[in-house]
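Below is one structure, written out as structure tokens; comments come after it.
The values are calculated or read from the model by the stated rules, or taken from the named source; none is laboratory data. Computed from a prediction, not measured in an experiment: that's the story for all the values here. Reconstructed Cβ throughout: ideal geometry from the backbone, glycine too, with neighbour counts over all protein chains shown.
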């Protein structure tokens with residue numbers, strides 16, 4: 001028996017049918033599936049998905065999109081009614097957890113509206129757009145093309161990612177655009193990039209002249225590597241564990257004409273020791289880890305949530321051993337986790353001290369994104385006061 005995930009449903013003829021299941025967020029296939037089309041009312045559809053029954057759409061594609069919007073409105077109204085009945089709380093940590101729970105429930109329900117795909121990612125529905133290139137980019141890891149089913153909501157994310165990849169995201173600090181791939185976090189918040197652009201380069205790096213090298217730990221799109229090169233760093237060694245992000249960084253560096261000055265290396269945090277077994281060292285090591293401790297529910301969320309602050313703690317614990325004398329480690333992160341009560345400033349400072357590090361300085365900047373001014377956001381109290389910092393760390 002194949003272990004390939006599948007969905008199954010019983011047709012009008014009483015015969016059981018099956019179709020492969022694909023989820024870029026690693027959502028398991030729904031256990032109950034029934035066919036649906038334009039004749040199904042939104043209220044009936046909402047009752048079914050709330051009960052856990054997935055709807056495999058057979059009608060017009062635009063009607064499927066309208067159905068998804070109708071389901072979203074019903075989910076939001078139900079959440080609003082539940083919030084009105086719930087006891088009011090001023091505990092921001094509890095508010096955050098309730099907010100994430102509501103988001104997860106919304107995603108679960110809306111993720112039960114499915115559409116079929118042909119083996120080449122075409123959609124065999126009336127008035128369906130041509131999404132083959134967008135899906136091929138997102139599903140490039142799958143090497144066994146066969147017809148499949150996926151959530152319409154996930155397809156919308158795939159299309160959005162394709163447009164970002166095609167058009168690029170302007171990065172003022174870089175003076176150019178970055179083209180994020182699906183599943184790789186986009187640098188839409190520019191304030192942390194301004195910090196890296198403006199922080200003084202350590203003397204140990206500039207003293208090396210043409211041989212100077214900086215490291216970018218967790219390269220993502222490659223935006224920090226590109227920014228360091230544009231600042232005059234002769235060479236950057238960028239590490240990244242995710243193959244999808246490595247391909248994205250390579251693409252961006254080639255677009256910017258900087259690929260020869262950046263070496264990409266697949267590694268978990270720091271590069272492996274040299275031939276003599278001693279840790280490799282650099283005069284500047286930069287890291288922008290996920291800012292919030294917690295479980296990531298998708299590839300993109302891995303740039304936001306990090307279970308038990310694994311990347312942050314790993315970077316701090318290994319930094320001193322990889323710095324050249326007089327070198328600096330730049331830790332770029334927001335205090336949003338502290339404002340949400342998920343991590344304290346004392347805890348962060350304790351990890352820094354325990355790693356044999358000292359704080360040589362800190363640059364701060366306030367957020368410019370729209371949510372910081374959105375008073376209807378349940379997390380507005382934390383967002384409005386958020387500060388993003390570049391911590392300049394040295395070996396103690």
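At a glance:
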{"quantity": "Matching residues, region 135-184, being surrounded by fewer than 21 Cβ atoms within 10 Å (Cβ to Cβ) and on the phi > 0 side of the Ramachandran plot", "calculated": "168, 175"}
{"quantity": "Count of residues meeting criterion [under 23 Å from the mean Cα position of the chain (by Cα) and either outside any loop (DSSP other than H, G, I, E, B) or surrounded by 22 or more Cβ atoms within 10 Å (Cβ to Cβ) (or both)] in region 264-302", "calculated": "15"}
{"quantity": "Test: residue in region 322-334 that is modelled with pLDDT of 95 or more and not in a strand (DSSP E or B)", "calculated": "yes"}
{"quantity": "Filter result for residue 354 (modelled with pLDDT under 95 and farther than 20 Å from residue 198 by Cα)", "calculated": "no"}
{"quantity": "Flag for residue 110 being in contact with a helix residue (DSSP H, G or I) (Cβ under 7 Å, 6 or more places away or on another chain), modelled with pLDDT of 95 or more and over 20 Å from residue 161 (Cβ atoms)", "calculated": "no"}
{"quantity": "Residues of region 136-154 classified as in a helix (DSSP H, G or I) and either in contact (Cβ under 8 Å) with a residue 60 or more places away in the chain or touching a strand residue (DSSP E or B) at 6+ places or on another chain (Cβ under 7 Å) (or both), total", "calculated": "4"}
{"quantity": "Residue count for region 197-256, restricted to those that are assigned to a loop (DSSP other than H, G, I, E, B), touching a helix residue (DSSP H, G or I) at 6+ places or on another chain (Cβ under 6 Å) and within 19 Å of residue 270 (Cα to Cα)", "calculated": "5"}
{"quantity": "Criterion: farther than 26 Å from residue 301 by Cβ, in contact with a helix residue (DSSP H, G or I) (Cβ under 9 Å, 6 or more places away or on another chain) and either crowded, with 16+ Cβ neighbours inside 10 Å or modelled with pLDDT of 95 or more (or both) - qualifying residue of 9, 57", "calculated": "57"}
{"quantity": "Residue identified as within 16 Å of residue 111 (Cα to Cα), assigned by TED's automatic domain parsing to the domain that holds residue 155, surrounded by 12 or more Cβ atoms within 10 Å (Cβ to Cβ) and modelled with pLDDT under 95 among 25, 78", "calculated": "25"}
{"quantity": "Residue in region 320-347 that is surrounded by the most Cβ atoms within 10 Å (Cβ to Cβ), counting only those that are in contact with a helix residue (DSSP H, G or I) (Cβ under 8 Å, 6 or more places away or on another chain) and free of Cβ contacts under 8 Å to residues at least 24 places away in the same chain", "calculated": "338"}
{"quantity": "Region 304-318 residues that are crowded, with 17+ Cβ neighbours inside 10 Å, paired with ones that are part of a helix (DSSP H, G or I) (beta carbon under 7 Å, 6 or more apart)", "calculated": "306/312; 313/351; 316/351; 316/352"}
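A quick yes/no check of all residues on (1) touching a residue at least 40 places away in the same chain (Cβ under 8 Å); (2) closer than 26 Å to residue 118 by Cα:
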position	(1), (2)
16	no, yes
33	yes, yes
43	no, no
58	yes, yes
69	no, yes
89	no, no
100	yes, no
